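The values are calculated or read from the model by the stated rules, or taken from the named source; none is laboratory data. Predicted, not measured: the structure shown is a model, and the values here were computed from it. Neighbour counts are summed over all protein chains in view; Cβ atoms, including those assigned to glycine, are modelled from backbone coordinates with ideal geometry.
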Amino acid sequence: MGGASLLRLAAAMVLTGLVSPPVAVAARATPPLPVLPIPTAAQLAWQRREVIMFFHFGMNTFTDSELGTGEEDPALFGPAALNASQWMDAAAAAGASLAILVAKHHDGFCLWPSAYTAHSVRASPWHSGAGDVVRKFAAAARARGVDTGLYLSPWDLHDQRYGREVAYNEYYLAQLHELLTGSVPCTRIAIHLTGSQALITSPF
């Protein structure tokens, strides 16, 4: 068969659909560059929590005030009906993966028996001074699979060292160390910077 005949045969096969003409394949587009900064694994995990519950319970609960003065009598703190398990039942029902407790607010009253101040549950009549809200909170959270976070205010209206850079930073870090190295498992520390401007430099 001659060359012309072959060309006519090929053209007929294309027209009848027996052979498809070659199709140009487009080059794959390159992916765009990432928008910096790229979040870390810990930051992504934080965003994926979605629901976090914050528990602001303390001396203000018993004085019915939004902001304490630091002069409150520890004897006012008497949570006879405290039920941290009920709190965590509510947190779990809401789908919270993390529950944060205000361990110390601006009034300086500590919900755990801190060794560095008398202004804490240790000086209250609750459980004869042996109570520990932080421990109860963490135990109830752990029992329900909820992570524990603690809020520790850098502003302390009770402690006389507040505003004295080295002395107060040492006090603050000592309390932070208490919370992080005690038997309470903690996955998050929340620090509200209100009042921290009185410190000349950050303790961190």
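Annotations for the structure displayed:
- Flag for VAL134 being over 24 Å from the mean Cα position of the chain (by Cα) and surrounded by 21 or more Cβ atoms within 10 Å (Cβ to Cβ): no
- Exclusive hit being under 18 Å from GLU72 (Cα atoms), of a type in the set (A, V, I, L, M, F, W, C) and surrounded by fewer than 20 Cβ atoms within 10 Å (Cβ to Cβ), set TRP112, TRP126: TRP126
- Pick from region 28-82, criterion under 26 Å from the mean Cα position of the chain (by Cα) and among the acidic types (Asp, Glu), ranking: nearest to HIS158 (Cα to Cα): GLU66
- Residue that is aliphatic (A, V, I, L, M), outside any strand (DSSP E or B) and modelled with pLDDT of 85 or more, where the choices are LEU6, LEU36, LEU18: LEU36
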